[in-house]
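K.L.:
Below are the structure tokens for one structure; questions will follow.
Just so it is clear, none of the values below were taken in a lab; they were calculated from the coordinates. All values derive from a computational prediction rather than experimental measurement. Backbone-built Cβ (ideal geometry, glycine too); neighbour counts: all protein chains shown.
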Amino acid sequence: MITIVNYGMGNLGSILNMFKRIGVPARIESEPQAIEQAEKLVLPGVGAFDAAMTRINNAAGLSELLDRKALVDQVPILGVCLGMQMLTRSSEEGTLPGLGWIPAVTTRFPKLDGLKVPHMGWNVAKLNTPSALTVETGPEPRYYFVHSYCVHVDDPAHSLMRTHYGVDFDSGIGRENIYGVQFHPEKSHRFGMQILKNFAAL
Amino acid sequence: MLLSPDINQVDLRICSRCIYDERVPAISFDNEDVCNYCRQVESLIEQYGTGQPKGEALFGAILDDIRRSGQRKTYDCIVGVSGGTDSSYLVGLAKEWGLRPLAVHYDNTWNSSIATMNIRKVLAGLNVDLCTHVVANKEADDIFRAFFLAGVAEIEAATDLGYAYLLRKVAARYSIKYILEGHSFVEEGITPLGRNYFDGRYIQAIHQQFGRRRMETFPLMTFSRFLKSALFDQVKFIRPLWYVRYAKDEAKAFLSERFGWQYYGGHHLENRMTAFYHSVYLPQKFGSDMRNNTLAARVRNCTMSRTAAWAEYNTSPYVEEELVSYFKKRLDLSDELYEEVMQAPPKNWTDYPTYKERFERLRPLFYMLAKANRVPMSFYLKYCFPAKAPA
Amino acid sequence: MLRTRIIPTLLLRNESLVKTVRFGKFTYVGDPANTVRIFNELEVDELLFLDITASRERRSPNLKVLADIADECFMPLSYGGGVCSLDQAKGVFDIGFEKIAINTHASEKPGLIGEIAARYGSQAVIASIDVKTGLFGSQTVQILGGKRNTGRDPVAWGKEAESMGAGEILLTSIDREGTWDGFDLRLVKRVTDAVSIPVIAHGGAGSIDHIRQVVKEAHASAVALGSMVVFQKKGMGVLVGFPDQNKREEALA
């Protein structure tokens, strides 16, 4: 059973809806006891970095539990949008540290002439390091993005997908059991469905 | 209701030529064990010369008249379209015959994307204009709901009648004298009257009794409106596929190759109300399965073997997941109410006011109108003779 | 590269989908959730729903219809119509909508855009600006579904909306709506020149060429389509669809 973590921020219903549509059992949980049982976790997120990290840190036992599930139990985890940014060690959007599960950093899009921020709309992701998360996506999958900050991994091997918007950034990252996608698979039609299908099949 | 798929294992009287069995309403078998419906199709083929020089000649004369009556007008005929094989192919034929058709579609707001995309692709590929009437969704749902609560089989009556009237109305609006409709008795047979009655009085009566909203956008064809169209608007109702050669499989191949048209797979996926009607409502509440109409027709025209047709007829129909929950949600039916109605004994169209008696009384008039193509011949055959209520 | 967004814009009237001409006469288009399924199949980039009588009727968003719509959608959804408080906005976001368009209540409640933007981010708030041309050619902002003239200049109001925190502007020409005559390019350019946030041009699209013009010449960041996605062609019947992908890419290359 896939568990979508409800810490108070994110497109939970839409993610659940897409899992339902592709026939994968999933549920939304906020209680630590329930999250403890999870075989796979999805970490959603929409909004500001510090706001999200604060909620996670303040929810009793949640932060430790997530660390344990990710790093000790090593269940497959998928961070979505802000959820992916939270996997990095820090973000220029805030001051709090991130979960730091993947060596990477989240930075603001540069101020370039004509570059409207946030990056909002459909863009193409080019596959980088092969991964079980990105099988059968087709040569030029496109996804829906909406974000003002982007992620850069330390080790290129952890970059699963790259996208260009003013600069090249990592739109999909992964290290062992931990994955992240900057775009919203739940809003990306069949392209998003493929990603979620792949995650469910891990 | 589903019997053994092996036709030889079944203890029922089955027509020796098609697969209609003794359960079919108003069926009879002659001394060759051939059913009256097969004989009816035989006689129609003879009458209309279907696929033979006689049919081509008869139809040729009609074509000439269509062209003549449409001179100096933007369109010379109307073709009703649904996105399905017959109507899509018919539009193509119309263009090939040098006609200038106006496509007409009646939208009861339950269309699937396949229907919409098929209509779009075929009409764009042929450069044919489309006229649509969309019923207000809540009103359409109210009428469906009324029929459901009334306990009768004809939950699609409003769609059928709305379609028929829309064709006539659009013809009148554009002063077009010919309506072309894609029915083929060779490929589909003539549906026995049994449980698919529809007329304006029937719909009005059921809506008055069980409906909750006013009827404002639904095109209701009352008896007088029907006669006005048939008698005064001088609109002719033609079924070209009753005259010319038509092979459904070839049509499907042509349409998908030429336009990227998609076949529904025979599960009525083109419209979710139709799908509910055929695969859930009729079988579960009325023990009735209308798949035998098309299957029997295919056996008659030798595109399917009798044994294969019987086997298919006696396998469970495909039901789209969540079709029933969608039906309940749209029609505002609680689970309890839905179950209650589905379990309740079926009612019949004979339990409600209809124009049936009037149609029978005016048989001579309708005979003339049918011969003159002002009303469909199938209407005359089904409605103008006394019908026994189904068991 | 980021694709130019082409957004089917569907109008809700009570619980039905309709299409209007110049904010007036309307035609029934279909059932909202059923129609959304068709757009799903067509894989459109994004959908925008506008409840055209909510503000006029002082009604709040119909959450039931919106939930039915959201259940069917696997692409970004935006909603506008009658939203007048942060709470109502939350209700709509929670159902699964990405963005909210504020029109009438941006005028009547100056702090509203800022409040929603602060909580959900600017990218979640669209300032919806309806513009009508008066008798003597001057263009002013209308609210309440085109029923009340605020007297404001669209450019000034656009700049104010940006400063209040809106992430985008939906700029609708009431005069062009439903006419297939093309966008009001001059109006669109005046606004795109004045603001730095994306402007979605709305009202008048009749062909791919119109789309190309408003993007290339008037610098619209995105285009909202009404009649073009619900009718077979100008003057003909309702038939839901979306411009062919190849034609779109060719025009916007």
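K.L.:
What are the pairs, 6+ residues apart or on separate chains, where a residue within segment B:29-45 that is free of Cβ contacts under 8 Å to residues at least 12 places away in the same chain has its Cβ under 8 Å from a residue that is part of a strand (DSSP E or B)?
P.N.:
B:N36/B:F29
K.L.:
Separate question: Scan segment C:1-14 for residues that are assigned to a loop (DSSP other than H, G, I, E, B) and either under 23 Å from B:D141 (Cα atoms) or at the interface with chain B (Cβ under 8 Å from one of its Cβ atoms) (or both) and jot them down.
P.N.:
Hit for segment C:1-14 is C:N14, nothing else.
K.L.:
Right, another one. Those residues that are surrounded by 21 or more Cβ atoms within 10 Å (Cβ to Cβ) and of a type outside the set (V, I, T), I need them from segment B:170-180; list them, please.
P.N.:
B:A171, B:Y178, B:L180
K.L.:
Ok, one more. Of (1) within 12 Å of chain C (Cβ to nearest Cβ); (2) under 21 Å from A:Y149 (Cα atoms), A:T54 satisfies all except one. Which?
P.N.:
(1)
K.L.:
Here's a follow-up. I'd like to know if segment B:23-31 contains one or more residues that are in contact with a helix residue (DSSP H, G or I) (Cβ under 8 Å, 6 or more places away or on another chain) and assigned to a helix (DSSP H, G or I).
P.N.:
Among the residues of segment B:23-31, not one is in contact with a helix residue (DSSP H, G or I) (Cβ under 8 Å, 6 or more places away or on another chain) and assigned to a helix (DSSP H, G or I), which makes the answer no.
K.L.:
Are there any strands (runs of 3 or more DSSP E) wholly within segment C:15-105 with 2 or more residues that are within 14 Å of chain B (Cβ to nearest Cβ) and not small (G, A, S), and if so which?
P.N.:
C:16-20, C:26-30
K.L.:
Write out, first by first residue and then by second, each pair whose Cβ atoms fall under 9 Å of each other, whose residues are 6+ apart or on separate chains, and whose first residue, in segment A:116-141, is under 28 Å from C:Q123 (Cα atoms) while the second is in a loop (DSSP other than H, G, I, E, B) and basic (K, R).
P.N.:
Matching pairs, first to second residue: A:V117/A:K111; A:G121/C:R3; A:W122/C:R3; A:N123/C:R3; A:V124/C:R3.
K.L.:
Does C:I113 meet the test of being within 26 Å of A:G10 (Cα to Cα) and outside any helix (DSSP H, G or I)?
P.N.:
No.
K.L.:
Hey, among A:A70, A:A60, A:A38, A:A52, which residue is assigned to a loop (DSSP other than H, G, I, E, B), crowded, with 18+ Cβ neighbours inside 10 Å and of a type outside the set (V, I, T)?
P.N.:
A:A38
K.L.:
Show me the helices (runs of 4 or more DSSP H) found entirely inside segment B:204-319 where at least 3 residues are exposed (fewer than 15 other Cβ atoms within 10 Å of the Cβ).
P.N.:
Qualifying helices (runs of 4 or more DSSP H): B:248-259.
K.L.:
Would you mind stating whether A:L87 is within 27 Å of A:R190 (Cβ to Cβ), away from chain C (no Cβ under 12 Å) and of a type outside the set (F, W, Y)?
P.N.:
The answer is yes for A:L87.
K.L.:
Residues that are within 14 Å of chain A (Cβ to nearest Cβ), under 22 Å from C:T9 (Cβ atoms) and in contact with a strand residue (DSSP E or B) (Cβ under 7 Å, 6 or more places away or on another chain): does segment C:146-166 have at least one? Write out each step before concluding.
P.N.:
Step one: filter segment C:146-166 for residues within 14 Å of chain A (Cβ to nearest Cβ), giving C:162, C:165-166.
After this cut, where a residue has to be under 22 Å from C:T9 (Cβ atoms) as well, the list is C:162, C:166.
Remaining after also requiring in contact with a strand residue (DSSP E or B) (Cβ under 7 Å, 6 or more places away or on another chain): C:166.
Yes, some residue in segment C:146-166 is within 14 Å of chain A (Cβ to nearest Cβ), under 22 Å from C:T9 (Cβ atoms) and in contact with a strand residue (DSSP E or B) (Cβ under 7 Å, 6 or more places away or on another chain).
K.L.:
Would you say B:N373 is farther than 24 Å from B:F210 by Cα, surrounded by 16 or more Cβ atoms within 10 Å (Cβ to Cβ) and touching a Gly at 6+ places or on another chain (Cβ under 9 Å)? Give the derivation first.
P.N.:
Numbers: farther than 24 Å from B:F210 by Cα: yes; surrounded by 16 or more Cβ atoms within 10 Å (Cβ to Cβ): yes; touching a Gly at 6+ places or on another chain (Cβ under 9 Å): no.
So B:N373 fails the test.
K.L.:
Something else about it: Among the strands (runs of 3 or more DSSP E) lying completely within segment A:125-191, list those that include at least 2 residues that are within 14 Å of chain C (Cβ to nearest Cβ). Before you say what the answer is, go through the steps one by one.
P.N.:
Values: elements: A:142-147, A:149-153, A:159-165, A:167-175, A:178-181.
So the answer is A:142-147, A:149-153, A:159-165, A:167-175.
K.L.:
Let me ask another. Across segment A:93-124, which residue is nearest to A:N57 (Cα to Cα) among those that are assigned to a strand (DSSP E or B) and touching a Leu at 6+ places or on another chain (Cβ under 6 Å)? Give the steps one after another, and end with the answer.
P.N.:
Step one: list which residues in segment A:93-124 are assigned to a strand (DSSP E or B), which gives A:97, A:104-108, A:119-124.
Now narrow it down to the ones that are touching a Leu at 6+ places or on another chain (Cβ under 6 Å): A:121, A:123.
Working: A:G121: 31, A:N123: 33 Å.
Selected residue: A:G121.
K.L.:
Please count how many residues of segment C:106-118 are away from every other protein chain (no Cβ under 14 Å) and surrounded by 24 or more Cβ atoms within 10 Å (Cβ to Cβ). Steps first, please.
P.N.:
Let us first name the residues in segment C:106-118 that are away from every other protein chain (no Cβ under 14 Å), namely C:106-115.
Cutting the leftovers down to surrounded by 24 or more Cβ atoms within 10 Å (Cβ to Cβ) gives us C:106, C:113.
The number of residues fulfilling the criteria is 2.
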